[in-house]
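A short write-up of the structure that comes next.
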Amino acid sequence: MSPSASGRPAVTRELIGEVALAILDESRTESDLTMRLLAARLGVQAPSLYAHVSGFDDVITLVHKRINASIDTSVLDGSRDLADLRAMACSYLECYRSHRVAATIIVSRAINEDCALAIYEPIAAFLERVGVPSSSVMPIMALLDYLVLGSAVEPFSAGFIGTAKSYDADYPALGRALRGSPRRSIDESGFELGMTALCATIESVRISESRAG
C-alpha cells in the first residue's frame, strides 16, 4: 500500500472496509457510520470515495467481506463430524459477536454477495456429505443462521436488567429462573443447547433419509 503525498496510506477498497468496520465497532448504532465521517477518517473529501465505492451499500459489502474473511470454514473441508460443524458455528458466532453493530446491518441484507455465499457453500456441502437430504439442507442452514446471528446481534441475557429479586413480585417464575442461571453464562448455555438441538435434528433427518433409501 503506497502512501499518498500527505503521508497517509493511499485510499483503497480494502482500507475503506477496514476503517468503516472500525467506525462501526466504536459506535452504538449503525447510523453513526456516514460517508462524510468515513472520508474524514481516511483524510479525504467525501466525493473522492466514489472513485473506489459506488455508495454506502458498497461500503457495507466491504465490511461484510472483512468480517466473513475471519470465519474459519476450513474445519468443514471433507469432514463428516458434527463436532466440526459446532467448531465452525463458534467461529461464525465470535466473528459477528465481535462486530455487533456491523452485524445488525449485515443480517438484513440479501445473501447475494460472494463473501456470504462462500460461507454457506461449505456448510451446504458438509450437510450433503453427512446425509442430509437436499430438501432439508436450506432449512437446517436457516436454523444455524438464526442461532448464530440471533446470539450475536441480540444477547438474550442483556434484556433482563434487574436483579432476580426485582422480578419476584410480578414475575416469580422469572425470578427463580434468573437465580438458577448465572447471568454471565445464560447466552453461552443457550447457544450450546441450540447447537445440541441442531445436531440432533441433523442426526434425525439423515437417519430418516437412510431408512427411506
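Coordinate-derived values only; no laboratory data. Owing to the predicted nature of the structure, the values given are computational and were not obtained by experimental measurement. Backbone-built Cβ (ideal geometry, glycine too); neighbour counts: all protein chains shown.
Overall shape: prolate for the range 33-106, with the ratio a/c of the largest to smallest alpha carbon gyration tensor axis at 1.5 or above and a/b above b/c. Note on Val130 and Arg100: their simple-model spin labels are 2.9 nm apart, each label 7 Å out from Cα toward Cβ. For the chain, adding -39500 (n - 2.57) for each run of n ≥ 4 DSSP H residues and dividing by the number of residues yields -20000 deg cm²/dmol at 222 nm. The range 1-73 and the range 136-210 have Cα centres separated by 34 Å. Between Ala110 and Glu209, the contour length at 0.36 nm per residue exceeds the alpha carbon distance by 32.6 nm. For the range 72-212, the calculated P(r) over all alpha carbon pairs, in 10 Å bins from 0 to the bin holding the longest distance, is 10, 36, 29, 17, 7, 0 percent. Computed from Cα positions, the angle between helix 134-153 and the longest principal axis of the chain comes to roughly 70 degrees.
Over the chain, Cα pairs under 8 Å with separation of 6+ residues give a relative contact order of 18 percent. For the listed peptides 96-108, 33-45, 151-163, a ranking on the average number of other beta carbons within 10 Å per residue, highest first, reads 96-108, 33-45, 151-163.
Modelled spin labels at Glu26 and Asp168, positioned 7 Å past Cα toward Cβ, are 4.5 nm from each other. Roughly what angle does helix 114-129 make with the longest principal axis of the chain, taking Cα atoms, 0 to 90 degrees, to the nearest 10? Once rounded, one gets 20 degrees. When only alpha carbons of the range 87-143 are considered, Rg and Dmax amount to 12.5, 36 Å. Ordering Lys65, Lys165 by the number of other Cβ atoms within 10 Å of each residue's own Cβ, fewest first, gives Lys165, Lys65. Shape of the range 13-66 from the C-alpha gyration tensor: oblate (a/c of 1.5 or more and a/b not above b/c, with a ≥ b ≥ c the square roots of its eigenvalues). When every Cα-Cα distance of the range 1-139 is counted in 5 angstrom steps from zero, the calculated P(r) takes the values 2, 9, 17, 18, 16, 12, 9, 7, 5, 3, 1, 0 percent. The overall shape of the range 39-81, judged from the alpha-carbon gyration tensor, is prolate: a/c is not under 1.5, and a/b is greater than b/c.
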